[in-house]
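Contents: one structure, followed by commentary.
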Amino acid sequence: FKGGDTCEYLLSSGRFLGEKVWQPHSCMMHKYKNSEAKNCLIDKHVVFIGDSRIRQLFYSFIKLINPQVKEEGIKHGNIPFEDKSASIKVDFLWYPEVNGSMRQRIKSWTEGSVAKPHIIVVGAATWSIKIHNGSNEALAQYKINITSIAPLLEKLAISSDVYWVLQDPVYEDLLSESRKMITNEKIDAYNEAAVRILNSSSRNSKAKVKVFSVSKLIAQETIMKSADGLHLPESSRDMNAMILMNVYCNKIMKPIDGSCCQPQPPLTLIQKIAFCFFTLSIIGYLIISLIHRNNHRKNKSCTDLESGEEKKPAISIPNVSTLEMLLHCFCKLGLIMTYFYLCDRANLFMKENKFYTHSSFFIPIAYILVLGVFYTENTKETKVLNREQTDEWKGWMQLVILIYHISGASTFLPVYMHIRVLVAAYLFQTGYGHFSYFWIKGDFGVYRVCQVLFRLNFLVVVLCIVMDRPYQFYYFVPLVTVWFMIIYATLGVWPQIIQKRANGNCLWHFGLLLKLICLLICIYFLSYSQGAFEKIFSFWPLSKCFELNGNVYEWWFRWKLDRYVVFHGMLFAFIYLALQKRQMISEGKGDPLFSNRVSNVLLFISIVSFLTYSIWASSCKNKTECNELHPSVSVVQILAFILIRNIPGYVRSVYSSFFAWFGKISLELFICQYHIWLAADTKGILVLIPGYPMFNVLVSTFIFVCVAHEISQITNDLAQIMVPKDNSTLLKRLLCIAGFFSGLHFFSAMQDQSRH
């Protein structure tokens, strides 16, 4: 890979994704809002010098600051613009030819104590071609004039950003008679002269005029839509203005989805400590492995030379020690985290913007559906939502969510609403699964809680350290963690009502329903009282976990979006287990869940409900309004799916092992996609193999799935070591973990202080 400065790529190369989306080579472009543009350009002076084409670029640029601006200025004169609220000045200076007048104006900024503009955008040639009828003498004079201006521009480039805009091609068929002499052949000659002369004398890399040649590429695709064959259509010049804004502002504003022109972020103190820890783990594991290998060789059975019989080793080969297993896990994890860092923090691999098309979403969906059906097997048990079935459910949902993310389908509202149901279904399973466990087993011990919390949070905590991201950034894990603790508190608080106790007295069922009603009231209150919710999660140390960009609003929004679905999962588990206990449902192999008549009626209602929800979601016009209704109605499609999947005996008795395999690593897949499948914290796509999009997706997906599977294995192995069953050992480990987080908080405070 070439590597190097992504600004160069942004200014010189790229391609169209669709009609109006420009994709620079190797990096991502941020779409600047007016407020962001103002913040970047505060107290700045920007100057555009040139002809009518540069005037077009000037207007597109100032519309990024103030969209209300109208193109009403003098056509062949200077046009000033000022935004007093942000102290921004942008001027257009009419110099249609590269001549002595332009040179004098540029020279005035290099002399004495005159305030220099922060950004200078220059370009002109078509007037010289037109006035001199495309003569060779005019081209020769252009070369002389640009040679005299080049040193001045290079001098200005030491302290200012100077851009020379190459001339765009024309659409000769549309040119008026007075412009027929402006041919693409002539334009190429003028551009060639400018590129050859500019920066030819500069040895200082900082004193370089940036050549804005990307406009040519954009014009080649869009100039045929021009009104007069000379001036670019509005969408094209808006792209050029946005590129200009990215070149200057990305290094100042540092937008997540604007990787072009952004330097690699420096390593934080915590990242350096993590790097040292993983390095020591790798070294430690290698040393222990070498020692064990040498011991193994010494203890290897050898032949007795006298008797010719084989001697057995005096000492048996020892089992793998806890320390070796721990170091082995951290060794693998260290190598994997290095890959994470290289993919999404170092400027080693390329990143591209997402671009949604219906085919990019629905074709992969159809493909995985065929694969899933192909790998159909019989289940070990035929209960409702048995283990194979829930793994299958998680698996196909996770694959659909992954395709949704990489295709950028969030811009298509019907798909967005259906994906919201899939996220809700995950939380429904959280409510169903944990309620069922506590209700049946009655195990409220510390070991169970620590096991669940460790498995949910281990990978995210490591990524927060290595990738320098807040815990709330990986929003789904905080969500399921908090809901697990709510379920635990609801069922674990006195009186603890479990199935064994409730079977002896039906009143206990009413007691449990009372607990669930209290939970529902609390959820309802918090969802409509943002202030109370924010007060709860603004207390230290909760604030350290749930704040994003200095407040907990994002956390409140995420929690509120699926606030009832976990309760629905708990209630469904309670009703189902009660019916199962009273033998009111039939779960035999091949048997319908209820009597034939009831099963048929419920199946019909479920199919109608499922389709009705899909029709409603597909007709959504406003995301905000649909999000308001979503928490109350998402359960309709979830319950409909469960009944369709479980009422017919045959359907309940089979599952897709393909989907179930992915379901077992669904949490790791969801988290890992942030950095090693997508890029720029999910805003873009990771490009390992540029120029071959399909091959790139295949390779990056293979690595991504392998890494997620490996992390799942590492998490399971470490859970056995870090969370032992023995209570006294567990208490010691918990004290160690508390010490670890205290140290992490201390270093985080030091880090924040140094940043400020």
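Among the residues making up the range 647-673, those that are at pLDDT 95 or above and among the polar types (S, T, N, Q) are Ser656, Ser657, Ser666, Gln673.
Name the residues in the range 58-99 that are acidic (Asp, Glu) and surrounded by fewer than 16 Cβ atoms within 10 Å (Cβ to Cβ), would you? Those that are acidic (Asp, Glu) and surrounded by fewer than 16 Cβ atoms within 10 Å (Cβ to Cβ): Glu71, Glu72, Glu82. With respect to Val477, is the statement that it is closer than 30 Å to Ser728 by Cα, touching a Pro at 6+ places or on another chain (Cβ under 9 Å) and open to solvent by less than 20 Å² (accessible area, probe 1.4 Å) true? Considered against the rule, which asks whether it is closer than 30 Å to Ser728 by Cα, touching a Pro at 6+ places or on another chain (Cβ under 9 Å) and open to solvent by less than 20 Å² (accessible area, probe 1.4 Å), Val477 comes out as no.
Checking every residue in the range 89-103 against the condition of being over 23 Å from Leu230 (Cα atoms), small (Gly, Ala, Ser) and free of Cβ contacts under 8 Å to residues at least 12 places away in the same chain gives at least one match.
Taking the range 655-756 and the helices (runs of 4 or more DSSP H) fully enclosed by it, the elements with 2 or more residues that are without any contact (Cβ under 8 Å) to a residue 12 or more places away in the chain are at 693-722, 727-755. Restricting attention to the range 332-344 and to residues that are surrounded by fewer than 18 Cβ atoms within 10 Å (Cβ to Cβ) and not aliphatic (A, V, I, L, M), the residue that is farthest from Trp677 (Cα to Cα) turns out to be Thr338.
Cβ-Cβ distances below 9 Å connect the following pairs, each with a first residue in the range 361-383 that is more than 20 Å from Ala409 (Cβ to Cβ), a second residue that is part of a helix (DSSP H, G or I) and among the small types (Gly, Ala, Ser), and a separation of six or more residues or different chains: Tyr375/Ser657; Tyr375/Ala660; Thr376/Ser657; Glu377/Ser657; Glu377/Ala660; Thr382/Gly649. Being under 27 Å from Leu335 (Cα atoms), surrounded by 21 or more Cβ atoms within 10 Å (Cβ to Cβ) and assigned by the TED database to the domain that holds Leu456 narrows it down to one of Ile671, Ile689, Ile685, so name that one. From the options Ile671, Ile689, Ile685, the qualifying one is Ile685.
Quick check: anything in the range 565-582 out of contact with any Phe, Trp or Tyr (no Cβ under 7 Å at 6 or more places or on another chain), more than 30 Å from Asn378 (Cβ to Cβ), hydroxyl-bearing (Ser, Thr, Tyr) and open to solvent by less than 30 Å² (accessible area, probe 1.4 Å)? There is no residue in the range 565-582 that is out of contact with any Phe, Trp or Tyr (no Cβ under 7 Å at 6 or more places or on another chain), more than 30 Å from Asn378 (Cβ to Cβ), hydroxyl-bearing (Ser, Thr, Tyr) and open to solvent by less than 30 Å² (accessible area, probe 1.4 Å). When you scan the range 625-643, do you find a residue that is under 30 Å from Met350 (Cβ atoms) and of a type in the set (S, T, N, Q), even just one? Within the range 625-643, none of the residues are under 30 Å from Met350 (Cβ atoms) and of a type in the set (S, T, N, Q).
Can you pull out the residues in the range 86-110 that are within 9 Å of Gly50 (Cβ to Cβ) and assigned to a helix (DSSP H, G or I)? Answer for the range 86-110, where residues must be within 9 Å of Gly50 (Cβ to Cβ) and assigned to a helix (DSSP H, G or I): just Met102.
Residue by residue, here is whether (1) in contact with a strand residue (DSSP E or B) (Cβ under 9 Å, 6 or more places away or on another chain); (2) open to solvent by 30 Å² or more (accessible area, probe 1.4 Å); (3) more than 30 Å from Phe746 (Cβ to Cβ); (4) at pLDDT 90 or above holds:
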site	(1), (2), (3), (4)
Thr481	no, no, no, yes
Ala489	no, yes, no, yes
Trp494	no, yes, yes, no
Asn503	no, yes, yes, no
Leu507	no, yes, yes, no
Cys518	no, yes, yes, yes
Gly531	no, yes, yes, no
Trp540	no, yes, no, no
Ser543	no, no, no, no
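Of all the listed residues (Asp257, Asp173, Asp228), the sole one being open to solvent by 20 Å² or more (accessible area, probe 1.4 Å), closer than 26 Å to Leu342 by Cβ and acidic (Asp, Glu) is Asp257.
When Ser235 is tested against (1) within 21 Å of Ser159 (Cα to Cα); (2) at pLDDT 90 or above; (3) surrounded by fewer than 21 Cβ atoms within 10 Å (Cβ to Cβ), only condition (1) is not met.
Screening the range 357-404 for residues that are among the charged types (D, E, K, R) and not in a helix (DSSP H, G or I) and picking the one that is surrounded by the most Cβ atoms within 10 Å (Cβ to Cβ) gives Lys383. For Ala115, the conditions (1) assigned to a loop (DSSP other than H, G, I, E, B); (2) free of Cβ contacts under 8 Å to residues at least 60 places away in the same chain; (3) among the hydrophobic types (A, V, I, L, M, F, W, C); (4) closer than 20 Å to Ile158 by Cβ all hold with the exception of (2).
Of the helices (runs of 4 or more DSSP H) that lie entirely inside the range 179-267, those containing 2 or more residues that are assigned by the TED database to the domain that holds Val21 and closer than 16 Å to Gln23 by Cβ span 214-222, 234-253. Does the range 40-52 contain any residue that is within 30 Å of Leu348 (Cα to Cα) and open to solvent by less than 50 Å² (accessible area, probe 1.4 Å)? Among the residues of the range 40-52, at least one is within 30 Å of Leu348 (Cα to Cα) and open to solvent by less than 50 Å² (accessible area, probe 1.4 Å), which makes the answer yes. Which count do you get for residues in the range 700-717 that are surrounded by fewer than 21 Cβ atoms within 10 Å (Cβ to Cβ) and closer than 15 Å to Glu352 by Cβ? Summing the residues that are surrounded by fewer than 21 Cβ atoms within 10 Å (Cβ to Cβ) and closer than 15 Å to Glu352 by Cβ in the range 700-717 gives 0. Scanning the range 199-225 for residues that are modelled with pLDDT of 90 or more and open to solvent by less than 20 Å² (accessible area, probe 1.4 Å) turns up Val209, Phe212, Val214, Ser215, Ile218, Ala219, Thr222, Ile223.
Cβ-Cβ contacts under 7 Å between residues 6 or more apart (or on different chains), taken from a first residue in the range 623-652 that is free of Cβ contacts under 8 Å to residues at least 40 places away in the same chain to a second residue that is open to solvent by 50 Å² or more (accessible area, probe 1.4 Å), are listed as Ala640/Phe610. Filtered by the rule that a residue be open to solvent by 40 Å² or more (accessible area, probe 1.4 Å) and under 27 Å from the mean Cα position of the chain (by Cα), the range 718-756 gives Phe741, Leu744, His745, Phe747, Ala749, Asp752, Arg755, His756.
The values are calculated or read from the model by the stated rules, or taken from the named source; none is laboratory data. Note that this is a predicted model, so its numbers are computed, not measured. Glycine gets a Cβ as well: all are built from the backbone with ideal geometry, and neighbour counts include every protein chain shown. Note: accessible area is taken over every heavy atom of the protein model, side chains too, but ligands, DNA and RNA are not part of it. Shrake-Rupley method; radii C 1.70, N 1.55, O 1.52, S 1.80 Å.
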